[in-house]
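For reference, the structure is listed below as structure tokens.
Nothing in this text is a laboratory measurement; each read-out follows from the coordinates by a stated rule. Remember, predicted model here, so these are calculated numbers, not experimental data. In this analysis, Cβ positions are derived from the backbone assuming ideal geometry, glycine residues included, and neighbour counts consider all displayed protein chains.
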Amino acid sequence: MSLTDRPALSVVAPCFNEEGVLPEFVKRVGAVLDKVGGSAEIVLVDDGSRDGTWAVMGEAAARDPRVVAVRLMRNHGHQLALTAGLSVCRGERVLIIDADLQDPPELLSDMMALMDQGADVVYGQRRVREGESLFKRATAAAFYRVIGRLTDVEIPSDTGDFRLMTRRVLDLLLAMPERHRFIRGMVAWIGGKQVPLQYDRKARAAGETKYPLTKMVRFAIDAITAFSVVPLMASMTIGWIMAIVGFAFFVYSMIGFVLGYNIPGWTSLMAATGLLGGMQFLMLGIIGAYLGRLYDQNKGRPLFMIRDIIGGDRK
Ligand code: UDP
Ligand code: MG
């Protein structure tokens, strides 16, 4: 295959300390690709693993010419490792999948069929999650609820990064230079025809989750801040309440002062703290409003994305 040739499909999997599952993963994905047919590549990204992941990838690449192994300089985290794989891959369609076989690669043919019917994105939506703790499921449910409230982007719930995308969507995704990437949200933001495919999420085939609580919290904060400036504006709401309460206090202490039942010094103190406190929150909120806009601008996302143009000879 020459450099300009595109395979019909790329499978991209980020891997962090996955030596235990990788051989099985490559075998199963390979079998699925054989069944689906067409040219394909399997892009494996070693996200700075500390175990034998890279060696296993080397063996897989030697055995299967479809395997492309990419090694990062250090651990960059799931979303950036995935981004690295996505920028390296060349397929006309791209399947994002975890290396731990929680997402069954066998769904590929169903996803391809939905895409043949015109979908730009087919995302896997989890019906059940096997082998995941109650805590993980509860926090995940809470997370999807919160982010659904805080943003206008319709980010589907119970959906990970497991999905099939067209090259057009992938190129739009890669054109977004933001550093803190919440990829499933960014893909939702792109729009087009996005279709769910329900599936049952399996337990890990081997190894342990690479998402301890600390990483999960960081991931959730990245997601919320990337898709909402509501927290930044929250001081505006508090500010309005405080300003009104503060003003009421001011009036109340003035009345007490005029009627002469205030302790000396109380009036000025209460009036000043009430008014100042309210004003400060309000000003913070205003700063938040500007900072939020600055942040949005700074993300450098495209202003619009054209799907089709009919007429003329523009491409
Ligand atoms: N992963 C990665 N870098 C990291 C953490 C995770 O590339 O720093 C990969 C990991 O190897 C797996 C995928 O991201 O293929 C999802 O991670 P995991 O299965 O541990 O998350 P969970 O399914 O438990 O949420
Ligand atoms: Mg997993």
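Of the residues Leu174, Ala248, Ala99, the one whose Cα sits farthest towards the positive end of the charge dipole of the chain is Ala248 (charges of +1 on Lys and Arg Cβ, -1 on Asp and Glu Cβ, taken about the Cα centre).
If R0 is 35 Å, what FRET efficiency do you get for Asp200 and Arg167 from their C-beta distance, rounded to 0.05?
0.75
Taking other residues whose beta carbon is less than 15 angstrom from the beta carbon of Ile221, and scoring Lys, Arg as +1 and Asp, Glu as -1, yields +2.
Counting each pair of different Cα atoms once, what's the Kirkwood radius of the chain in Å, rounded to one decimal? Over the chain, the inverse of the mean reciprocal pair distance is 22.5 Å.
Taking 24 Å as the straight-line reach from the Cα of Lys27, the lysines in range (excluding those fewer than 8 positions away in the same chain) are Lys35, Lys202, Lys210.
Each 5 Å bin from zero holds the following percent of Cα-Cα pairs in the range 191-256: 3, 11, 9, 9, 13, 13, 9, 8, 7, 6, 5, 4, 3, 2, 0.
Taking the range 174-193 and a reference point 7 angstrom along Cα→Cβ of Glu154, the backbone N atoms nearer than 20 Å belong to 183-193. Size descriptors for the range 157-315 (Cα atoms only): Rg and Dmax, in that order, 25.6, 83 Å. Within the range 115-219, the trypsin sites (Lys or Arg not before Pro) that combine a DSSP coil assignment with at most 12 other C-beta atoms in a 10 angstrom radius are Arg179. Using the Cβ-Cβ distance between Asp34 and Gln297 with R0 set to 41 Å, the FRET efficiency works out to roughly 0.30. Starting at 0 and stepping by 5 Å, how many percent of the alpha carbon pairs of the range 39-175 end up in each bin? With 5 Å bins starting at 0, P(r) equals 2, 8, 15, 19, 20, 17, 12, 4, 1, 0.
If both residues of a DSSP beta bridge must be in the chain, then about 25% of such bridges are antiparallel. Would you work out if the range 120-176 is rounded, prolate or oblate? Take a ≥ b ≥ c from the square roots of the eigenvalues of the alpha-carbon gyration tensor; rounded if a/c is under 1.5, else prolate when a/b is larger than b/c, oblate otherwise. Oblate is the answer for the range 120-176, as a/c is 1.5 or above yet b/c matches or exceeds a/b. For the range 61-115, trypsin sites (Lys or Arg not before Pro) are listed when DSSP marks them as loop and at most 15 other Cβ atoms sit within 10 Å of their Cβ; the list is Arg74. Roughly what angle does helix 266-298 make with the longest principal axis of the chain, taking Cα atoms, 0 to 90 degrees, to the nearest 10? The angle comes out at about 20 degrees.
Put a dot 7 Å past the Cα of Ser109, heading toward its Cβ, do the same for Ala289, and the two dots end up 5.7 nm apart. Any idea what angle helix 53-63 forms with the longest principal axis of the chain, computed on alpha-carbon atoms, 0 to 90 degrees, nearest 10? Compared with the principal axis, the helix lies near 30 degrees.
Label-to-label distance, Arg50 versus Ile309, with points set 7 angstrom from Cα along the beta-carbon direction: 5.2 nm. Sorted fewest first by neighbouring Cβ atoms within 10 angstrom, Ser87, Ser10, Ser228 come out as Ser87, Ser228, Ser10.
Note on Arg218 and Glu59: with the Förster distance fixed at 30 Å, the Cβ-Cβ geometry gives a FRET efficiency of about 0.35. Counting only Cβ charges, +1 for Lys and Arg and -1 for Asp and Glu, the dipole size of the range 150-235 around its Cα centre is about 320 debye.
Once you sort the root eigenvalues of the Cα gyration tensor of the range 1-116 as a ≥ b ≥ c, which label holds: rounded (a/c under 1.5), prolate (a/b larger than b/c) or oblate (the other case)? It is prolate, given that a/c is not under 1.5 and a/b is the larger ratio.
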